[in-house]
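Novice: The following block contains the structure, expressed as structure tokens.
Bear in mind these aren't lab numbers, they're just calculated from the coordinates by the rules spelled out. Note that the structure is predicted; figures quoted are calculated from it, not measured. Reconstructed Cβ throughout: ideal geometry from the backbone, glycine too, with neighbour counts over all protein chains shown.
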Amino acid sequence: MSNPKPYPTEEELPSYSTVNDIDFSATYSYADYMRFTFDERMELIKGRLFQMRPAPSRYHQKSFGSIHNSLYNFLEGHKCEVYGAPFDVRLPRKSKEDAAIFTVVQPDIVVVCNPEKLDKRGCIGAPDIVVEILSPGNNKKELKFKYEVYEEAGVKEYWIVSISDQTFFKYILGNDGKFEPTRLLVGGEKVTTPILPGYELDLEKVFNF
């Protein structure tokens with residue numbers, strides 16, 4: 001029996017200086033992702049590359065700021081930490097080697113309560129809470145592809161904020177490792193979570209455009 005082929009070394013990997021160097025039909029790893037030197041932001045989902053929108057809308061940014069600031073202020077002095085995009089979240093299936101990681105996402109906001117998952121490059125492993133604020137054109141990616149990888153990775157809560165509908169929806173990871181949907185919330189209601197006892201997110205402020 002022949003020995004398994006080792007992961008390629010850094011010297012064996014190609015370089016990517018422009019988006020034109022990318023073959024969007026190919027499979028990429030985090031090792032490839034780390035060699036991107038162009039300015040455009042990318043996400044890697046199960047080896048497939050997705051180009052992110054250049055800039056979110058003003059309404060997106062207002063909602064982002066409201067949620068992030070609320071979490072940041074609440075978590076001051078807390079063991080959990082909150083980070084906002086751009087912030088790489090690597091979701092390994094088996095090995096944590098760069099060449100063996102095929103999903104790297106940049107959620108709008110993440111809460112991480114295990115400091116061992118944090119390093120200088122971001123987060124490796126499932127955050128406790130992931131928040132995605134839907135923007136026109138990328139809803140399919142958030143609702144399908146990211147739903148799958150967040151569930152598989154073991155994200156405890158997946159929050160979906162819709163700017164156009166002004167709604168909030170949350171999936172909670174069940175004991176069977178599958179996401180369970182919760183009731184749709186709208187402006188004027190408040191979001192709570194057992195992950196952060198005592199925390200409340202006022203949706204009236206989130207959708208205050």
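Novice: Using square roots of five times the C-alpha gyration tensor eigenvalues, list the equivalent-ellipsoid semi-axes of region 55-114 in whole Å, biggest first.
Specialist: On the way: eigenvalues 131, 60, 6 Å².
Each semi-axis is the square root of five times an eigenvalue, giving 26, 17, 6 Å.
Novice: Hey, which of these cross-link pairs are over 18 Å Cα-Cα: Lys46/Lys146; Lys120/Lys144; Lys144/Lys205? If you can, show how the numbers build up before the last one.
Specialist: On the way: Lys46/Lys146 10 Å; Lys120/Lys144 29 Å; Lys144/Lys205 28 Å.
Checking Cα-Cα distances, Lys120/Lys144; Lys144/Lys205 exceed 18 Å.
Novice: Further question: Specify which residue in the list Pro136, Ser63, Gly177 is farthest towards the positive end of the charge dipole of region 58-206, using unit charges on the beta carbon of Lys, Arg (+1) and Asp, Glu (-1), about the Cα centre.
Specialist: Ranked along the dipole, the leading option is Pro136.
Novice: Pairing the Cα long axis of helix 58-75 with the longest principal axis of the chain, what angle in degrees results, from 0 to 90 and rounded to the nearest 10?
Specialist: Long axis of 58-75 versus the principal axis of the chain: about 80 degrees.
Novice: Provide Phe145, Phe207 in ascending order of the number of other Cβ atoms located within 10 Å of each residue's Cβ, fewest first.
Specialist: Arranged by neighbour count, lowest to highest, Phe145, Phe207 become Phe145, Phe207.
Novice: Obtain the nm distance between the two label points defined at Leu184 and Glu97 by a simple spin-label model: each point lies 7 Å from its Cα along the Cα-to-C-beta direction.
Specialist: If labels sit at Leu184 and Glu97, their model points lie 4.7 nm apart.
Novice: How large are Rg and Dmax for region 10-51 when only the alpha carbon atoms are used, in Å?
Specialist: When restricted to Cα atoms, region 10-51 yields Rg and Dmax of 9.5, 26 Å.
Novice: What net charge do the residues around Arg183 carry, taking every other residue with its C-beta under 15 Å from that of Arg183, with Lys and Arg at +1 and Asp and Glu at -1? Could you put the intermediate results ahead of the total?
Specialist: Working: positive: Lys170, Lys190; negative: Glu157, Asp165, Glu180, Glu189.
Neighbour charge sum, excluding Arg183 itself: -2.
Novice: Another one. Write down the radius of gyration of region 58-206 and its Dmax, each obtained from C-alpha positions, in Å.
Specialist: 14.7, 46
Novice: Roughly how many Å is it from the Cα centre of region 135-173 to that of region 179-209, as a whole number?
Specialist: Measuring centre to centre over Cα atoms gives 14 Å.
Novice: So, one more: Taking neighbour Cβ counts within 10 Å as the exposure measure, how do Glu142, Glu132 sort from fewest upward?
Specialist: Details: Glu142 20, Glu132 24.
Exposure proxy ranking, most exposed first: Glu142, Glu132.
Novice: Next question, about the same structure. If you add up the charges near Gln51, with Lys and Arg at +1 and Asp and Glu at -1, over every other residue whose beta carbon is less than 10 angstrom from its beta carbon, what do you get?
Specialist: Surrounding charge for Gln51 is 0.
Novice: Placing unit charges on C-beta atoms (Lys and Arg positive, Asp and Glu negative, everything else neutral), compute the dipole magnitude of region 10-51 about its Cα centre in debye, rounded to 20. Before the final figure, lay out the partial values.
Specialist: On the way: 4 positive and 9 negative charges, 52 e Å.
Rounded to the nearest 20 debye, it is 240 debye.
Novice: Which GluC sites (Glu not before Pro) does region 26-111 hold that lie in a coil by DSSP with at most 15 other beta carbons within 10 Å? It would help to have the intermediate numbers written out before the result.
Specialist: Numbers: sites: Glu40, Glu43, Glu76, Glu81, Glu97; in loops: Glu40, Glu76, Glu97.
For GluC sites (Glu not before Pro) across region 26-111 that sit outside H, G, I, E and B with at most 15 neighbouring Cβ atoms in 10 Å, the list reads Glu40, Glu76, Glu97.
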